[in-house]
Amino acid sequence: MWAALKARLRRRETEEPPPTAPEPASPKTRAAVSTPGPREPSRAVPSAAGEEVFSDGLLGQRLAESTLDDLLDALEIGLLESDVALPVVERLRRDVRKEFAGRKLRRGVDAEEVIRAALERGVRAVLAQPPLDLARSVREHARPYVILLVGVNGTGKTTTVAKLAVWLRAAGFSVVIAAGDTYRAGAIEQLLVHGERLGIRVIRQQEGSDPAAVGFDAIEHAKAKHVDVVLVDTAGRQHTNENLVEEAKKIRRVTSPALTLFVGDALSGNDVVTQARLFDEAIGIDGLVLTKLDADVKGGAALSATFVTKKPIVFVGTGQGYSDLQPFDPEWMVRRLFAEEAAV
Ligand SMILES: Nc1nc2c(ncn2[C@@H]2O[C@H](COP(=O)(O)OP(=O)(O)O)[C@@H](O)[C@H]2O)c(=O)[nH]1
Ligand SMILES: [Mg+2]
């Protein structure tokens, strides 16, 4: 995210030199403008560090409101382009504005760094939902601990069920899987393959059967065999699909999950935010799993989904392998978002 934002802020500087610079540009600056440095020809004002957003003329001066607005507009567009949803953009914009309010930029203070620091603080605050420690939650809960995974088609629910099974087993828990996507024979088959590879029991019925009944069977099995955790896969559903939403409500009612996780694909950008909110309204979710972060250069979707739903990100999917699932660490996310170069 930061790498793209930085590029946008610098582009803005090149395209629109501040019209109301309160000091005349120094001869050095003018010379730099007319003969751009050979290494960075697109930069209007190469500085010693090659990093400033503003020309020397602005340093040591209170920022003109119009310049600040310009800058915040560029920032806003950059954030939107990084899949950061509008309510988050507005909040971050306020954070950065506050940082600049009435402030004099001293010579040698890099405005870009000021923006970066304000944004980083804002992002940390956005990500600071009370975290959910799954291993602890399972340990403290009655048996079996039921986890229901919901989301639209293709976001990675079934893959996440398999990854979660591996993660839970490594944490010392026994696991059974309910093949609750009874819509397609392929979905049941997909889980059976995972189950076989991993040596994990998959409870299923035939295609077209009632997924709530499959969940119920799996829970009965877990009770009889003292299995710690039941993972319930479900069919992908659009929040607009009334029947499937009703069905999901029924699965929820019958299985009374300790944890309902919304699985969202980070690559679907702002859609993931809308989906998460609507799933929360329709079914009720406790947390988020964001998948395909390995392929997501923008990074804003994760930020937005947790801000809008006020639910913690519990896990992130970072690949197609069984071990490509990590408990969410906000600092990891901050490092990723503010990497100087795009992560992917
Ligand atoms: N790169 C990447 N691909 C993933 C990740 N999670 C799932 N996928 C892929 O996304 C596709 C859809 O996954 P699936 O679990 O079938 O989605 P479902 O329809 O929600 O059950 C599959 O090709 C998965 O391998 C992830 O974290 N990273
Ligand atoms: Mg599936």
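Just one residue in the set V193, V166 is surrounded by fewer than 16 Cβ atoms within 10 Å (Cβ to Cβ), assigned to a helix (DSSP H, G or I), of a type in the set (A, V, I, L, M) and modelled with pLDDT of 95 or more; that residue is V193.
Candidates L79, L119, L132, L92: the one that is under 30 Å from I188 (Cβ atoms) and either away from ligand 2 (no atom under 16 Å from the Cβ) or not in a helix (DSSP H, G or I) (or both) is L132. Does E196 satisfy the condition of being acidic (D, E), more than 16 Å from V254 (Cβ to Cβ) and either under 29 Å from the mean Cα position of the chain (by Cα) or within 15 Å of ligand 1 (Cβ to nearest atom) (or both)? Spelling it out, it is not the case that E196 is acidic (D, E), more than 16 Å from V254 (Cβ to Cβ) and either under 29 Å from the mean Cα position of the chain (by Cα) or within 15 Å of ligand 1 (Cβ to nearest atom) (or both). Look at (1) more than 29 Å from the chain's Cα centre (by Cα); (2) within 16 Å of ligand 2 (Cβ to nearest atom); (3) small (G, A, S) and you find that A222 fails only one, number (2). Screening Q205 with (1) away from ligand 1 (no atom under 16 Å from the Cβ); (2) more than 22 Å from L288 (Cβ to Cβ); (3) not in a loop (DSSP other than H, G, I, E, B) gives one miss only, at (3).
Residues that are more than 17 Å from the chain's Cα centre (by Cα) and at pLDDT 95 or above do occur in the stretch 259-276. Residues in the stretch 183-201 that are under 30 Å from A135 (Cβ atoms), within 13 Å of ligand 2 (Cβ to nearest atom) and in contact (Cβ under 8 Å) with a residue 12 or more places away in the chain: A187, I188, Q190, L191, L192, H194.
Find all pairs meeting these conditions: Cβ atoms under 9 angstrom apart; at least six residues apart or on different chains; first residue within the stretch 231-242 and modelled with pLDDT of 70 or more; second residue basic (K, R) and within 12 Å of ligand 2 (Cβ to nearest atom). So the pair list comes out as D233/K157; T234/K157; A235/K157; A235/R184; G236/K157.
Just one of the listed residues (T234, T260) is surrounded by 19 or more Cβ atoms within 10 Å (Cβ to Cβ), assigned to a strand (DSSP E or B) and of a type in the set (S, T, Y), and it is T260. Scoring G172 on the criteria (1) of a type in the set (G, A, S); (2) outside any helix (DSSP H, G or I); (3) away from ligand 2 (no atom under 14 Å from the Cβ); (4) within 26 Å of Q275 (Cα to Cα) leaves a single failure, condition (4). One residue stands out in the stretch 113-155 among those that are within 16 Å of ligand 1 (Cβ to nearest atom) and not small (G, A, S): the one that is surrounded by the fewest Cβ atoms within 10 Å (Cβ to Cβ), namely N153.
The values are calculated or read from the model by the stated rules, or taken from the named source; none is laboratory data. Note that this is a predicted model, so its numbers are computed, not measured. Note: ideal-geometry Cβ built from the backbone for every residue, glycine included; neighbour counts use all protein chains shown.
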